[in-house]
1. Count, please, the residues in the stretch 272-329 that happen to be open to solvent by 60 Å² or more (accessible area, probe 1.4 Å), outside any helix (DSSP H, G or I) and among the polar types (S, T, N, Q).
2. Answer yes or no: is there a residue in the stretch 45-62 that is of a type in the set (Ser, Thr, Tyr), in contact with a Ser or Thr (Cβ under 9 Å, 6 or more places away or on another chain), open to solvent by 10 Å² or more (accessible area, probe 1.4 Å) and under 16 Å from GLY11 (Cβ atoms).
3. Show the residue pairs meeting these rules: Cβ distance below 9 Å; 6+ apart or different chains; first residue within the stretch 199-213 and within 17 Å of GLN97 (Cβ to Cβ); second residue charged (D, E, K, R) and part of a helix (DSSP H, G or I).
4. For SER77, state whether it is more than 20 Å from LYS326 (Cβ to Cβ), open to solvent by less than 20 Å² (accessible area, probe 1.4 Å) and assigned to a helix (DSSP H, G or I).
5. Given the structure, is ASN196 surrounded by fewer than 20 Cβ atoms within 10 Å (Cβ to Cβ) and more than 28 Å from ILE107 (Cβ to Cβ)?
6. Just to verify a result, which residue in the stretch 80-110, among those that are out of contact with any strand residue (DSSP E or B) (no Cβ under 6 Å at 6 or more places or on another chain) and part of a helix (DSSP H, G or I), is nearest to LEU307 (Cα to Cα)?
7. If MET1 satisfies every condition in (1) at pLDDT below 95; (2) closer than 24 Å to ILE104 by Cβ but one, which is the exception?
8. Are any residues in the stretch 94-108 crowded, with 19+ Cβ neighbours inside 10 Å and more than 20 Å from LEU253 (Cβ to Cβ), and if so, which ones?
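The values are calculated or read from the model by the stated rules, or taken from the named source; none is laboratory data. Note that the coordinates shown come from a computational prediction; the quantities given were computed from them, not determined experimentally. FYI the Cβ positions are ideal-geometry reconstructions off the backbone, even for glycines, and counts take in every protein chain you see. All accessible areas refer to the heavy atoms of the entire protein, side chains included, with ligands and DNA or RNA removed. Shrake-Rupley method; radii C 1.70, N 1.55, O 1.52, S 1.80 Å.
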Amino acid sequence: MTKLAIAGATGLVGRKMLETVDRKNISFDELVLFSSARSAGEEIEFQGKTYTVKELTEEAASEHYDYVLMSAGGSTSAHFSPIFEQAGAIVIDNSSQWRMVDDIDLIVPEVNEPVLKRKIIANPNCSTIQSVVPLKVLQEAFGLERVAYTTYQAVSGSGVKGRQDLSEGANGKAPEAYPHPIYNNVLPHIDSFLENGYTKEEQKMIDETRKILKDEDLKVTATCVRVPVQDSHSVHMSVTLESESSVQAIQQLFDNDGRVVLIDNPEQNEYPLAINATGKDEIFVGRIRRDDSLDNTFHVWCTSDNLLKGAALNAVQVLEQVMSLKGVR
């Protein structure tokens with residue numbers, strides 16, 4: 001009997017998790033939905049049944065669950081994930097709380113798999129997830145020396161309030177999620193600033209990329225930017241390879257690898273677009289070109305739905321991966 005819980009079930013990502021569990025035909029015998037006290041009591045229709053969302057409490061988390069999909073924020077995960085873990089659950093957490101803890105697996109199923117020293121598995125940052133998949137393809141074929149990221153991140157990465165700032169900003173309403181208006185604007189600022197001048201979001205991408213690709217010596221830098229787009233992140237990557245390559249070789253590599261989808265026909269104005277990535281599971285790559293100013297360096301443009309592959313889908317894929325390792329599926 002498989003008992004599955006989703007914490008944060010009423011949020012943007014939590015609802016996407018439910019949709020993805022359904023779409024992926026995840027097997028379970030019992031499903032329990034949790035939220036904060038504010039949303040507890042809300043009813044959610046799922047697979048022909050009505051579920052009443054329960055408040056996440058220590059008592060509730062101390063019950064036995066086989067798997068928990070956690071999308072309830074870092075402080076909530078810091079408190080409740082170990083309680084679920086102690087009671088026997090494998091927790092797949094979508095917050096930043098556990099990502100860089102040494103004995104916690106940080107997993108993108110197309111790239112790596114958990115060893116489960118702890119029963120908490122971390123979902124990486126949304127922009128990191130979509131980036132490390134094409135990077136892994138390149139790493140396997142050519143090796144990596146350096147990666148420079150510039151992200152163009154949708155407002156849904158900030159949840160409902162981010163979406164509201166974009167839509168209501170058109171009417172002149174002051175922002176609530178951001179320090180400046182996002183409507184008709186671009187903010188080179190995601191999360192708080194660190195002493196080194198980087199933001200936490202940028203440092204996450206740097207640290208997580210090294211951990212996931214198992215290369216602590218990889219040179220990585222990042223600039224993370226919020227743009228007035230509702231859904232789907234875009235990432236520009238400048239990638240220096242260890243072995244000599246060419247645009248054609250990289251295009252062929254991506255085209256033949258099922259982990260990414262190549263769209264790279266600039267003559268016909270065909271390249272990955274955020275608007276076309278929204279609602280899709282895939283990671284799209286294109287605009288492959290050589291950087292003539294640096295040796296063996298290439299530019300790659302990448303788009304993906306940040307609420308799907310960048311969050312809910314990746315978590316459910318990790319769930320599938322763990323179930324497979326444990327012989328459940």
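1. Number satisfying all stated conditions: 1.
2. Among the residues of the stretch 45-62, not one is of a type in the set (Ser, Thr, Tyr), in contact with a Ser or Thr (Cβ under 9 Å, 6 or more places away or on another chain), open to solvent by 10 Å² or more (accessible area, probe 1.4 Å) and under 16 Å from GLY11 (Cβ atoms), which makes the answer no.
3. Close Cβ pairs (under 9 Å, with a partner that is charged (D, E, K, R) and part of a helix (DSSP H, G or I)) amount to ILE212/LYS136.
4. The answer is yes for SER77.
5. Taking the combined requirement at face value, the residue does not satisfy it.
6. PHE80
7. Result: MET1 passes all but (2).
8. Correct list: ASN94, SER95, SER96, GLN97, TRP98, ARG99, ILE104, ASP105, LEU106, ILE107.
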